[in-house]
Each structure stands twice: as C-alpha cells, then as structure tokens.
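Below: the structure, in structure tokens.
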Amino acid sequence: MGDEFIVETRSLTKEFKGFVAVSDVNLRVRRHTIHALIGPNGAGKTTCFNLVTKFLTPTKGQILFNGTDITHTQPAAIARHGMVRSFQISAVFGHLTVLENVRVALQRKQGKSFQFWRSGECLNELNTRAEELIEAVGVAEYRDTPAGELSYGRKRALEIATTLALDPEMLLLDEPMAGMGAEDVRRTADLIRRVSANRTILMVEHNLSVVADLSDTITVLKLGRVLAEGSYAEISDNPEVVEAYMGSGHGAAGHG
C-alpha cells in the first residue's frame, strides 16, 4: 500500500440474507486528507462506513490500515492503533460536565478506563489537557456545564473533543452535520477543518455544500458500488452522479 494511503479496502462486499449492500468497493484514503463518502438513499455508504470502522464484518474483501490487515480486528483494538469513530448520535455523558466528559476520555487513552473512583488529585492532572481540548473545539465557556444541557451542535463539538482525547491518527465522522441548523453547521465545519491538521478524516455526510467546502476527495456510491471518485469539481461534472442524485428525488439527503 505504501505510505500514501492510510486506509485501503479491497473488493469490500457485504451481503445481508442475499441482498448485496456493498459490492466490490475499492476505497483508498490518502493520508492527511479529508475524504467524504456520499450517495443517494440506499447507496450503501453507511454500511461501507460500518465495515471500515469494524462495526460490521465483511462478507468478503480486505481492509488495510497503515498497511496492516484489520479485516478481522475488533473496533477497540483499532481505536488503540489510532483509528477512532465519532458516532452520529452524540455519545457524551449528559450528567457529567463538559470538562469531566473530556477527562473520562483522557483516562481511556491512559488505559484507566472509567475509573470514577480515582482521587480528585489524580484526575486534576488531566485538567490541563482537557482544557486545551475544550478550548480547541470552542466549548471552553461551558467547562462546568452538564453536557446534557448543551445545544445539539455544542454536544457534537464536545463529542469531537472526547474523540480527540484519544489522539487518533484517523478520525471517522458519521454524518457530523445531521440535525444541525446553519450556524452549528458552519461552526462544526470550521472545527473539522481545524482538527484535520496532521490527521486523516473519513466522513459520511449528506450536506453537499459541506462536502464541497471540506473534502479533498469524494467517493460517490450508488447501489453499493463506487459510481465516481475525485474532487468536488470532478464529481459534480459527472453526468452519472448528477443523474443518481436527481433520480433520488431529494439530492444527497438520506442514509445509505
């Protein structure tokens, strides 16, 4: 694979009781880029994402991460190697403050998973890094606010902070803009651009203006196969891509 690509899939295929959701997908994600996976309803993009992040096992094919075959590796082991997924549903502890949420994630990075009984002094050692992270994602002013009281967009920012606490080499984002208003979309897009420095990001996203703005490379799926790949200018010029989206009735919205 070489150093150029951090993730590569080879003939990735997933069948569900005879239905082929993903068929012979060869995906190559270039290191230190933002790569978007898009497609109309039923395109297979979510299934493909779940295969790469190991929440589904492929029927056939291979997945390589940094040149190592991870096809049969557990998600937790992959996270330890530097590939971390951020979920579409906000995965934060609502009863804990913003700072406490990030500290919990930092404990996981240290291998001290969820030891809530550790002394306050031990946890305070993590405060400096936690405060750097909440500053980086723009929620420092909510440091002592329970996460459950945050707006939807700020919860997503906090979730990205907890993901960054694991110091991932590669960040996988599942529809980061889902359910957001325009202001939160703009703020989250800025955040993704900032955190992409020295990292690789693979995201499934249906907001095409965000995809156009952020992505270096876009892979378009249709009916479980790769329809096109390239820059936004290249794929938006592709008649098959235009037809796939026009034919779906409402653009790129929807989950595949």
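The values are calculated or read from the model by the stated rules, or taken from the named source; none is laboratory data. Remember, predicted model here, so these are calculated numbers, not experimental data. With ideal geometry, Cβ positions are generated from the backbone for all residues, glycine too; neighbour counts draw on all protein chains shown.
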Practice problem: Scan region 174-201 and report the pairs whose first residue is in the same structural domain as Lys155 (by TED's automatic domain parsing) and farther than 25 Å from Val7 by Cα and whose second residue is loosely packed, with under 13 Cβ neighbours inside 10 Å and hydroxyl-bearing (Ser, Thr, Tyr), with Cβ atoms within less than 8 Å and a gap of 6+ or a chain change. | Solution: none
Exercise. Scan region 218-240 residue by residue and report those that are polar (S, T, N, Q) and buried (at least 19 other Cβ atoms within 10 Å of the Cβ).
Key: Thr219
Quiz item: Could you count how many residues in region 36-86 are buried (at least 18 other Cβ atoms within 10 Å of the Cβ) and over 26 Å from Val220 (Cβ atoms)?
Solution: 1
Quiz item: Within region 173-183, which residues are surrounded by 23 or more Cβ atoms within 10 Å (Cβ to Cβ) and outside any loop (DSSP other than H, G, I, E, B)?
Solution: Leu173
Practice problem: Would you point out which residue out of Leu27, Leu37, Leu64, Leu99 is farther than 19 Å from Pro176 by Cα and either within 15 Å of the chain's Cα centre (by Cα) or without any contact (Cβ under 8 Å) to a residue 60 or more places away in the chain (or both)? | Solution: Leu99
Exercise. Kindly indicate the residue of region 194-237 that is farther than 19 Å from Cys48 by Cβ and in a loop (DSSP other than H, G, I, E, B) and also farthest from the chain's Cα centre (by Cα) among those meeting that condition.
Key: Asp237
Practice problem: Mind listing whichever residues of region 150-172 are of a type in the set (A, V, I, L, M, F, W, C) and assigned to a loop (DSSP other than H, G, I, E, B)? | Solution: Leu150, Ala165, Leu166
Quiz item: Residue check: is Arg186 more than 24 Å from Thr53 (Cβ to Cβ), within 18 Å of the chain's Cα centre (by Cα) and in a helix (DSSP H, G or I)?
Solution: yes
Quiz item: Out of all the residues in region 27-46, is one or more modelled with pLDDT of 95 or more and over 23 Å from Val195 (Cβ atoms)?
Solution: no
Exercise. Check region 80-93 and report whether any residue there is of a type in the set (D, E, K, R), touching a residue at least 12 places away in the same chain (Cβ under 8 Å) and not in a strand (DSSP E or B).
Key: no
Exercise. Report yes if Gly82 is at pLDDT 90 or above, small (Gly, Ala, Ser) and in contact with an Asp or Glu (Cβ under 7 Å, 6 or more places away or on another chain), otherwise no.
Key: yes
Quiz item: With respect to the numbered conditions (1) at pLDDT below 85; (2) buried (at least 19 other Cβ atoms within 10 Å of the Cβ), which one is the sole condition not fulfilled by Ala147?
Solution: (1)
